[in-house]
1. For segment 122-237, give the percent of accessible area contributed by carbon and sulfur heavy atoms, probe 1.4 Å, rounded to a whole number.
2. Using Cα positions and a limit of under 18 Å, work out the lysines in reach of K556, with same-chain residues fewer than 8 apart set aside.
3. What does the highest-first list of 98-107, 624-633 look like by mean Cβ count within 10 Å?
4. Please get the size of the charge dipole for the chain, origin at its Cα centre, with Cβ charges of +1 on Lys and Arg and -1 on Asp and Glu, quoted in debye to the nearest 20.
5. From Cα pairs below 8 angstrom and at least 6 apart in sequence, can you work out the relative contact order of the chain, rounded to a whole percent?
6. Just need the relative contact order of segment 117-185 here, percent rounded to a whole number, with Cα pairs under 8 Å and 6+ apart.
7. Hey, with R₀ at 35 Å, roughly what FRET efficiency would S367 and A594 work out to, going by the Cβ-Cβ distance, to 0.05?
8. Can you find, among P253, L314, W271, the residue farthest towards the positive end of the dipole of segment 251-340? Put +1 on the C-beta of Lys and Arg, -1 on that of Asp and Glu.
Amino acid sequence: MAGHQRSPNRTLGTTKFVTKSALAAVLQDIAEHGLPDAISRQSIKRRRDADLNAKTPFGQMIVSYPVDLAEKGKHVLKFIHPAALLSHLCATCLPFATHLAKCMRSNPPPWKVILYSDEVTPGNVLRHDNTRKLQALYWTFKELGPAANAAEHYWFNLGVCRSDVVKKLRGRMSFFVKTALQTFQEPVKLIAGWQLRLCSEDASVHRAMLTGAVDMILADEAALKDMLDFKGASGTVPCPLCANVVLASSGLPAHGAAEILAHNNLQPHLWTRQTDESVGKLMRHLATQSAALPKTKFKKLQQSCGFNWNEHGLLCATSLDDLVQPISALTFDWMHCYLVGGIWNIETAYIIGALKEVGIPQSSLHSFLQDFQWPAQVQSRAVAGHGVFSKPLDGNDVKCTASQGLSLYGVIRVFLVHHAAAGRLGPVKDRVEAYLALCAVLDLLQAARTRSVTPKKLQDALLHHQRLSQAAFGIDHWIPKYHYAAHLPDMYQRRFFLVPCFVHERKHRELKRYANALSNTAANFEETLLRDILLVQLEELQTMPLECTPRLLHGKPPSFAVRRLIQQALGLEAGLEVHVASSAVFAEGQKCSANDVVAFQDDEECKHVGRVDFHTQVAGQLWSAIAVWTPSSNNEFRVSTETQLIPTRSILYTCAYRVQGDSAVVASCK
C-alpha cells in the first residue's frame, strides 16, 4: 500500500501557531516578491535591525535614556526619536515626503505638535499581575491635516514603558512624559528648527526647515491626571483648569466663600481659570511648603489646591518651557467625556428607564436596532452595536465601546422621535428632549473635526443640553466629565480643532498585537516592541495612501453596458477612459460603498438622501450613481431604484437605515 502523502496546504502553519489570515498574507507576499534569502529567526532580526538602525543627521531612530528609579537601581527608557524618524521618512518614503511638503506649503511652520497618552493592556485584561500593561505615547502634527490626524499610521510612536516600571520612576508617569518630550529638544530643539531633506519623484532632494512646539496634550482624564499631577475626579478640586470649582459632594459650595462653585455649575463666566503662570506659582508654593509642613498638613494642602507636588514631573520642568506650556496645552478628549463611561452612557440608561415608565420595554429598542443596516465602513468593523441592548442593563450606564455608542445614538434618536410622533412619550417629554439635545451636541462634535461648526454654536448646544439634563434627570448623576465637556468649546475656540480619540483606540490594536507575542518582559521588552511597531509603520507609510481627496478604491474598467450607460448619462463621447468601483473616498478621511445610504447636497444646497449603487471616474472626474429616495415624513423616505449620477464631492455623510417594503427609515439625517 502506497504511503499517504501529506498535502502542503493542509500542514502549513501547524508546527507553529499562526492565524490563517496572517499565513495567507505571508504566502501572498512570497507569490508577489519571491522567497527571501534570509529565513531564519536571527537572519530576519538582523535585516530588520539594519533597516531600523539607519543613521540620520539627528542620530538613530531608537534612543536610550538611562534614569534612576525612585528607590534603588536604574532603568533604560526607550524612545523613537521624533527628529530622526522624520528625517528618515523624508529621505526614504516618497508618499510621506510628498504629503509633508504639500502641507508645509499650505501651512508654513511653526507647526503644532499633538501628544497623546494612554495605558494599553495586552493579554488578559482581568489578570491582576499583568506585567505587559503599557503606558504608550503617540504624537503627530496638527498641520498634517484631518485625514492624517484620523489615520493610525500618521500618529507616530514616541515611547512605551511597562506600567509597573513607570510606577517605580521618580515622578512616575509625569517624569516619563517629561523625559519623552526631551527628545524634541535634543540634539536640536524643534523650536529652533529641524533641517529635513525631502525626496521627490524626480529623484531630486529638497530641503525644508520645520519648527514647532507642543500645542495639545490629549488624553482621557485618568491619563491627564497622571501626566500633569492634578487630583482629578477623585479630588476635592476635580478640574485642573478651574481654581474655584469643587466637587458638589465636598459640601464646600454650601459652606465656603461665595466664589466657590460646585462642579455642576453651568455658568462658565464665573469659573476662575487656571493658567500656566498661576499653576507655576502654585508649584513654587507647594515646593516651599513641602519642606515646612508635616506630611498630614501638606497632604491637605495638596487636596485643597487640586495638584500634587512632583519635583520630577512635567509641571516643574522649566527646561521645557519653550517646547510646551502644559496647562495651555491640556485638552480633554470628547470621546472619553461622552462615550466611555461618560455622558451618553449615563443618559441613555436614564432614557431606557423613562421608556419603561410609559410601557416601552428595552426589548422594543433591541428589536428596532436589528433591522438597521449601518454603512459598510462601520459594519465591517463590527462596531454597529446591534446587541448592546440584548440584555438588561447592568448598573447605571450603558456598557459598550465608544464606536458602538457613536453608531447607536442617532438610531436611538430616530426611535424616540417615532414614539414621540405617535404620542407615547408625553409623561417623559423632558427626558426625551434632554437626550435629543445630547444627540445634537454629538452631531456638532463630529462636525468639529472638519471645522464645519463654529465654537459659539457648539457652546450654545452644549450648555443647552446640560441645562435640560439637570432639569430632567437632576444632578445626582453629574460626574466631573460633564464639567470637563463644558471646556470643549473653549478648547475648540483656541485651536478651531478637536481630535476624537477613536484613531488612538484603533492604533492600540497594533501595539497589543505585538505585545501579546512577547511573553518575556525582562529582556528588552520595550525596545523589541518599539522596533516591531516602527517597522510596520514605515511599511504602512510607504503603501497606504491617505484618504485626502475623492477617489475610487480599487477601480476597474466597467462592462460595455455599464460604460454605455455612464456615457449616455453624462453626455460624453465614446472612447474616454472610464473606471468603476463599489467604494470611494468622498471627503477627507471618509468613504462610502455600494448599498450605503448617504446624504448629499445639490447645486442649490438642498439636502437629499439616497442609496449608492456604484462610483465611477470619467476623464478624471468622480461621480456616484445614487438611487435618490423621496421624503415622506420625519426621517422616513420612499425607496426608489432609479439612479442618477451626482458629483461624489457632494456627498455629506453616510447614514444607518432600515428598509421595509418600499419605505425606509434613515438615521443621522439632520
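The values are calculated or read from the model by the stated rules, or taken from the named source; none is laboratory data. Quick caveat: nothing in here was measured; it's all calculated off a predicted structure. Ideal geometry is used to build each Cβ from the backbone, glycine not excepted, and the neighbour counts take in all protein chains shown. Just the protein is used for accessible areas: all its heavy atoms, side chains included, with ligands, DNA and RNA removed. Shrake-Rupley method; radii C 1.70, N 1.55, O 1.52, S 1.80 Å.
1. Carbon and sulfur together cover 47 percent of it.
2. The reachable lysines, counting only those whose Cα sits under 18 Å from K556, are K591.
3. So the peptides 98-107, 624-633, ranked by packing, come out 624-633, 98-107.
4. 1600
5. Relative contact order, the chain: 11 percent.
6. Value for segment 117-185: 27 percent.
7. So the FRET efficiency works out to roughly 0.80.
8. It is P253.
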